[in-house]
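K.L.:
There's a structure below that I have some questions on.
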Amino acid sequence: MLILDGQEVGVAVRRNNRARRIALRIDPAKETPELVLPPRTSESEGLDFVRSRAGWLLDRLEALPPRVPFRDGEILPIFDEPYLIVHDAAARRGVWIEDRKIIVSGRVEHLPRRLNDWLRREAKAAISPRAHAKASVLEKRPTKITIRDQKSRWGSCSTSGNLSFNWRLILAPDTVLDYVVAHEVGHMAMPNHSPAFWKIVDRLSPHMRDGRAWLRKNGDRLFRYG
């Protein structure tokens with residue numbers, strides 16, 4: 001715990017053997033600053049680095065979008081369109097959309113889990129056919145497609161062709177989801193971020209530039225849901 005301008009701020013410290021310099025970031029899901037240290041950097045040196053950037057860090061923490069828990073009455077975006085979460089204890093239909101509402105049945109204490117499970121299924125239904133279609137353009141086939149709750153990444157592609165995507169993409173505009181799918185599928189052909197890779201992504205999605213820009217501006221907001 002550090003005292004920065006009179007405020008107590010908890011800082012998570014992580015050592016990264018591949019890091020070349022001290023880095024400071026904020027996990028929008030946990031509201032926790034993370035200090036990344038190279039192998040030979042002492043923790044005290046790293047904490048001095050945090051103190052030297054106290055103003056920047058406090059401004060970033062204050063600017064975090066408000067949290068939106070999964071509960072009755074909250075507004076949740078689906079493909080960036082607002083829907084009202086409604087709890088219906090008497091219903092027995094699981095989770096469904098009706099009249100711009102996401103209706104969740106069952107006991108109220110199960111609402112967060114049921115809604116999260118539904119969002120993962122919706123994300124899988126939106127992502128899987130798109131990933132297969134884009135991979136076929138490259139004459140590739142995903143080995144497996146997984147939907148995960150990644151804390152700082154939108155997707156990943158393993159050397160064996162396994163694709164993973166963040167379920168929170170279902171909250172972003174469809175064009176953003178399309179770009180991220182193209183990005184990870186592109187890594188099946190080019191496992192780097194060279195100019196050749198970006199040409200592949202541009203070929204797979206007409207939304208590459210807009211999608212990247214949207215995530216840079218709005219990505220942290222998606223981690224504030226749930």
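Any read-out appearing in this document is the output of simple, stated calculations on the displayed coordinates, not a laboratory observation. Nothing here was measured: the structure is a model prediction, and the numbers come from that model. Cβ: placed from backbone, ideal geometry, glycine included. Neighbour counts: every protein chain shown.
K.L.:
If R₀ is 35 angstrom, what is the calculated FRET efficiency for the pair residue 125 and residue 63, using the beta carbon separation as r and rounding to 0.05?
P.N.:
Taking R0 as 35 Å, the efficiency between residue 125 and residue 63 is 0.55.
K.L.:
Among DSSP beta bridges whose residues both lie in the range 2-63, state the antiparallel percentage, nearest 5. Each step should come with its number before you reach the end.
P.N.:
Values: 8 of 12 bridges.
In the range 2-63, approximately 65 percent of DSSP beta bridges are antiparallel ones.
K.L.:
Can you tell me what the convex hull of the Cα atoms of the range 1-92 projects to on average, as an area in nm²?
P.N.:
So the Cα hull casts an average projection of 9.4 nm².
K.L.:
Using 7 Å Cα-to-Cβ label points, what is the residue 110/residue 137 separation (nm, one decimal)?
P.N.:
Going from the residue 110 label point to the residue 137 one covers 4.1 nm.
K.L.:
Let me ask something else. Please sort through the DSSP H helices of the chain and keep those with an alpha-carbon extent of at least 18 Å along the long axis and a Kyte-Doolittle average not below -1.0.
P.N.:
On the way: long enough: 111-137 (40 Å, -0.70); 174-189 (23 Å, 0.42); 208-222 (19 Å, -1.52).
Length and hydropathy pass: 111-137, 174-189.
K.L.:
Taking every Cα atom in the chain, find the radius of gyration and the maximum pairwise distance Dmax, and write them in Å.
P.N.:
Cα only, the chain: 20.1, 60 Å (Rg, Dmax).
K.L.:
Using 7 Å Cα-to-Cβ label points, what is the residue 52/residue 101 separation (nm, one decimal)?
P.N.:
5.6 nm
K.L.:
Sort 182-193, 88-99, 165-176 for me by packing, meaning the mean count of neighbouring Cβ atoms within 10 Å per residue, highest on top.
P.N.:
By packing density, highest mean first, the sequence is 165-176, 182-193, 88-99.
K.L.:
Additional query: How large is ³J(HN,Hα) for each residue in the range 29-40, as worked out from phi by the Karplus curve 6.51 cos²θ - 1.76 cosθ + 1.60 (θ = phi - 60°), to whole Hz, x for Gly and Pro?
P.N.:
6, 9, 6, 10, x, 10, 9, 9, 10, x, x, 9
K.L.:
Let me ask something else. Treating only the Cβ of Lys, Arg, Asp and Glu as charged (+1, +1, -1, -1), what charge dipole size does the range 2-63 show about its Cα centre? Round to the nearest 20 debye.
P.N.:
Magnitude of the dipole: close to 520 debye.
K.L.:
Search the structure for amide H atoms under 5 Å from the amide H of residue 80, placed 1.01 Å from N in the peptide plane, and list their residues when 5 or more places away or on another chain.
P.N.:
172
K.L.:
Over the range 1-43, what per residue volume does the convex hull of the Cα atoms give, in whole Å³?
P.N.:
Enclosed volume per residue, from the Cα hull, is 78 Å³.
K.L.:
Taking H as built 1.01 Å from N, whose amide H comes closer than 5 Å to the amide H of residue 4, not counting residues under 5 places away?
P.N.:
Amide H neighbours of residue 4: 9.
K.L.:
Of the candidates 160, 44, 136, which one comes out as most mobile in a Gaussian network treatment of the chain with C-alpha springs shorter than 10 Å?
P.N.:
Of the options given, 44 has the highest mean-square fluctuation.
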